[in-house]
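Read through the structure below, which is laid out as structure tokens, and then see the notes.
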Amino acid sequence: MEIILKQDVPNLGYANEKINVKPGYARNFLIPKGIAILATETNKKILAENLKQKAHKEEKVRTQADALAKQLKNITVKIGAKAAESGKIFGSVNAIQIAQALKDQFNFEIDRKRIHVDHEHIKELGTYKAKINLHKEINVEINFEVFGE
């Protein structure tokens, strides 16, 4: 029996995918739980239209992420931190401070969860690199400098 999955199912398939399963599995489990629908001609047309619209939206998001990556590529973010004379920071610098500095200095709104610092927390003054995941296919590496205040 051919069905269309509405959500990801481990070891079976992904959302918006047409697959063949045994009729009992579809009738007794997948369809009543709302995990799948029958692959009728109408549902196939709806799926095709939804995939077309989703691809268009995805391309728009990817284009925006690519443009943002080009802007972020050559910038250096400066983050001030209180530090001892030896260069150790009181506390640490993490993705939250980097996201706030990007917003304050360059007016880029980037979610802190998309920023990955090579070291978990930066505890010394210096220059470091952070990776920003803008899209599943687009990553950009930025430089940031931690200086003593």
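Data overview
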item: Candidate set: the range 15-26, residues that are over 30 Å from the mean Cα position of the chain (by Cα) and surrounded by 14 or more Cβ atoms within 10 Å (Cβ to Cβ); chosen: the one farthest from residue 2 (Cα to Cα); result: 25
item: Failed item, numbered, when residue 141 is tested on (1) in a loop (DSSP other than H, G, I, E, B); (2) closer than 15 Å to residue 70 by Cα; result: (1)
item: Pair list, Cβ < 7 Å and 6+ apart or interchain, from the range 34-45 residues that are in the same structural domain as residue 15 (by TED's automatic domain parsing) to residues that are basic (Lys, Arg) and surrounded by 10 or more Cβ atoms within 10 Å (Cβ to Cβ); result: 34/6; 35/6; 36/6; 37/6; 39/18
item: Residue in the range 106-125 that is in a helix (DSSP H, G or I), under 21 Å from the mean Cα position of the chain (by Cα) and under 19 Å from residue 149 (Cβ atoms) present; result: no
item: Elements of type strands (runs of 3 or more DSSP E) in the range 1-105, at least 1 residues being hydroxyl-bearing (Ser, Thr, Tyr); result: 76-81, 88-93
item: Matching residues in the range 117-144 - criterion: being surrounded by 15 or more Cβ atoms within 10 Å (Cβ to Cβ) and free of Cβ contacts under 8 Å to residues at least 60 places away in the same chain; result: 117, 122, 123, 124, 125, 128, 130, 133
item: Meets criteria (under 30 Å from residue 4 (Cα atoms) and exposed (fewer than 11 other Cβ atoms within 10 Å of the Cβ)) for residue 113; result: no
item: Flag for residue 89 being more than 30 Å from residue 126 (Cα to Cα) and more than 24 Å from the chain's Cα centre (by Cα); result: no
item: Test: residue in the range 32-39 that is closer than 23 Å to residue 136 by Cβ and either modelled with pLDDT of 95 or more or surrounded by 10 or more Cβ atoms within 10 Å (Cβ to Cβ) (or both); result: no
item: Options 95, 81; residue that is surrounded by 14 or more Cβ atoms within 10 Å (Cβ to Cβ), touching a helix residue (DSSP H, G or I) at 6+ places or on another chain (Cβ under 6 Å) and at negative phi; result: 95
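The values are calculated or read from the model by the stated rules, or taken from the named source; none is laboratory data. Nothing here was measured: the structure is a model prediction, and the numbers come from that model. All Cβ positions, glycine included, derive from the backbone under ideal geometry; neighbour counts span all protein chains shown.
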